[in-house]
Ligand code: NAD
């Protein structure tokens with residue numbers, strides 16, 4: 001029996017005291033107005049605590065603290081190897097606090113404790129450690145100019161970075177911003193989602209204890225239209241790394257236009273296509289994979305393969321295989337270590353998901369499994385894994401991001417039709433092609449307008465590869481060395497050389 005399965009998560013949850021105060025200039029503080037909002041858990045409605053309702057004054061204080069820290073060089077001027085040391089300690093501290101962070105994440109946004117423990121915490125720590133390890137190994141450039149000059153092309157930290165993140169993977173999304181931004185020497189003001197602020201606040205405390213100087217990382221919880229807007233409009237913020245909906249991503253660009261033209265990097269929504277050709281030799285594996293990827297995290301994943309395109313000759317068989325997977329994903333108590341699907345983040349999102357299910361049925365698709373709310377007597381918000389057959393690209397369920405455990409199966413006639421349907425989307429985050437024909441797999445992968453294309457799998461992921469989308473799925477890339485592009489400016493310095 002593992003330590004994890006022996007832990008009584010209910011008992012630990014019952015005695016949990018969540019601290020919802022902001023973290024500014026190295027300290028926990030109440031909001032300037034003294035206002036708070038109540039945070040309830042989606043797993044059973046229990047009250048988790050009072051969260052500081054950050055507004056413009058709190059953002060101003062956080063940005064001032066970040067700016068002062070940046071300008072006096074307490075972090076930005078340290079050698080990369082010194083920043084590396086601190087960030088590695090921070091990553092270790094995340095791992096050491098695994099149980100506490102995982103419990104906060106599960107209670108805050110409803111995901112099963114087993115995944116908070118085995119996916120979210122280690123991925124956040126690995127991300128911080130990876131950028132720490134990278135920062136003293138990346139070199140700048142010298143341009144191939146003529147003999148009388150030397151042109152140095154150097155990366156410089158941007159200054160103050162605003163990070164605005166969503167609730168679906170609160171810690172991982174924060175780490176994707178913090179890793180490269182902090183390693184590069186920036187100061188950061190992080191605005192977590194009002195639906196999941198608890199782990200971000202705790203991360204800031206752990207970073208301070210690991211040696212990150214005061215003011216370098218500030219966390220201001222609050223609502224998007226208050227704290228988020230104030231951060232994105234602030235004249236002293238040099239760049240915003242935003243992950244969230246396409247709707248709010250548009251606003252980020254407006255805020256930049258209305259303020260200081262700060263750099264805006266948007267990581268937005270998706271409606272990823274999963275294309276299965278009849279020449280693939282193991283469609284049972286494809287069905288199992290699509291169910292796993294779709295229902296993981298309650299379907300609340302930006303890259304969930306929510307549009308499944310299947311060749312008409314195998315569609316009936318494929319739909320049956322996917323439906324047979326559904327029982328494995330029935331929602332359960334997120335604090336039970338055997339649960340694989342947890343709660344939807346809140347009542348608003350629950351209603352959105354149920355509204356989409358209703359629209360699928362009324363537009364003529366057929367829910368072959370699921371379609372209903374579950375575990376209502378728990379006091380939390382749960383939805384059955386749902387598979388729609390007979391969907392078309394014209395239906396709302398196939399066009400719009402649902403962000404819940406709802407899959408739509410569409411049919412195609414031939415390769416050209418598959419590519420056309422897959423690309424007929426405002427989004428372009430990810431896609432997947434399943435074929436045993438190497439030419440076809442490459443041809444289709446090339447034709448798909450998506451930031452990541454998977455071939456004959458959907459599970460591979462690593463901090464070493466960029467993550468981001470084409471079209472309205474955003475710009476910029478999280479993860480990999482490419483993320484440094486977002487949080488650094490390129491400076492060219494010309495020197496004249498007297499060649500003698
Ligand atoms: P959201 O856009 O509602 O909120 C994201 C963040 O923006 C939150 O912190 C929120 O408080 C803030 N915000 C909301 N309104 C704001 C405003 N007017 N001004 C400033 N800030 C504001 O998104 P969400 O519901 O939290 O998250 C789900 C979305 O995130 C989905 O669309 C999903 O696809 C996307 N997502 C994308 C990626 C990616 O890497 N591409 C990863 C995870 C999630």
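Just so you know, all these numbers are worked out from the coordinates, no wet-lab data involved. Keep in mind that this is a model prediction, so the values were computed, not measured. Ideal geometry is used to build each Cβ from the backbone, glycine not excepted, and the neighbour counts take in all protein chains shown.
For the chain, the longest principal axis of the alpha carbon atoms and the long axis of helix 80-96 meet at an angle near 40°.
Taking the C-alpha atoms only, the angle from helix 246-258 to the longest principal axis of the chain is near 30 degrees. Each listed q (0.17 Å⁻¹) maps to a log10 I(q)/I(0) for region 253-372, found by the Debye formula over equal Cα scatterers with no solvent: -0.98.
For the chain, averaging the sequence separation of C-alpha pairs within contact (under 8 Å, six or more residues apart) and dividing by the residue count gives a relative contact order of 18 percent.
The packing ranking of peptides 47-57, 195-205, highest mean first, is 195-205, 47-57, where packing means the average number of other beta carbon atoms within 10 angstrom of each residue. Restricting the calculation to Cα atoms, region 308-369 yields a radius of gyration followed by a Dmax of 14.7, 42 Å. By the count of neighbouring beta-carbon atoms within 10 Å, fewest first, 458, 223, 470 end up ordered 223, 470, 458. Just so you know, the Rg over Rh for region 351-500 is 1.15, from Cα atoms, with Rh as the Kirkwood radius. Going from the fewest other Cβ atoms within 10 Å to the most, the residues 176, 130 appear in the order 130, 176. Under 19 Å from a label point set 7 Å out along the Cα-to-Cβ vector of residue 28, the amide N atoms of region 201-237 belong to 201-212, 214-222. On the basis of the beta-carbon distance and an R0 of 41 Å, residue 316 and residue 81 show a calculated FRET efficiency of 0.10.
Normalising by the residue count of region 113-239, find the relative contact order in percent from Cα pairs under 8 Å and 6+ residues apart. Don't skip to the answer; put the middle values down first.
Numbers: 170 pairs, mean separation 32.1, N = 127.
Here the relative contact order equals 25 percent.
With each label modelled as a point 7 angstrom along the Cα→C-beta vector, the residue 68-residue 88 pair spans 3.2 nm.
Tell me the mean residue ellipticity at 222 nm calculated for the chain from its helices only (DSSP H runs of n ≥ 4, each -39500 (n - 2.57), averaged over every residue, nearest 500).
On the way: 16 runs with 177 residues, N = 500.
When only DSSP H runs of four or more count, the value is -10500 deg cm²/dmol.
One decimal place: the segment residue 338-residue 279 gains 17.7 nm when fully extended, by the rule 0.36 nm per residue minus the C-alpha distance.
Counting alpha carbon pairs within less than 8 Å and at least 6 residues apart, what relative contact order, in whole percent, applies to region 376-437? Don't skip to the answer; put the middle values down first.
On the way: 42 pairs, mean separation 17.9, N = 62.
In percent, rounded to a whole number, it is 29.
For the chain, a/c is not less than 1.5, where a ≥ b ≥ c are the root eigenvalues of the C-alpha gyration tensor, and a/b does not top b/c. That puts it in the oblate class.
For region 277-344, just say rounded, prolate or oblate: build the C-alpha gyration tensor, square-root its eigenvalues into a ≥ b ≥ c, call rounded for a/c under 1.5, and beyond that prolate if a/b exceeds b/c, oblate if not. Cα axes put region 277-344 in the prolate bin.
Between residue 143 and residue 459, 0.36 nm times their residue separation minus their Cα-Cα distance comes to what?
Numbers: separation 316, 0.36 × 316 = 113.76 nm, distance 3.97 nm.
Full-extension gain reported as 109.8 nm.
Against the chain, whose longest principal axis is taken from its Cα atoms, helix 56-71 shows a tilt of about 50°.
Efficiency by 1/(1 + (r/R0)^6): what FRET value for residue 423 and residue 493, r their Cβ-Cβ distance, R0 = 51 Å, to the nearest 0.05?
Details: r = 43 Å, r/R0 = 0.85.
Efficiency computed from Cβ-Cβ geometry: 0.75.
Per-peptide packing, taken as the mean over residues of other Cβ atoms within 10 Å, places 214-220, 23-29 in the sequence 214-220, 23-29 from highest down.
Find how much the distance from residue 372 to residue 253 grows on full extension, using 0.36 nm per residue of separation minus their present alpha carbon separation; answer in nm with one decimal.
Additional length available on full extension: 39.1 nm.
Of all DSSP-defined beta bridges confined to region 76-223, some 20% are antiparallel rather than parallel.
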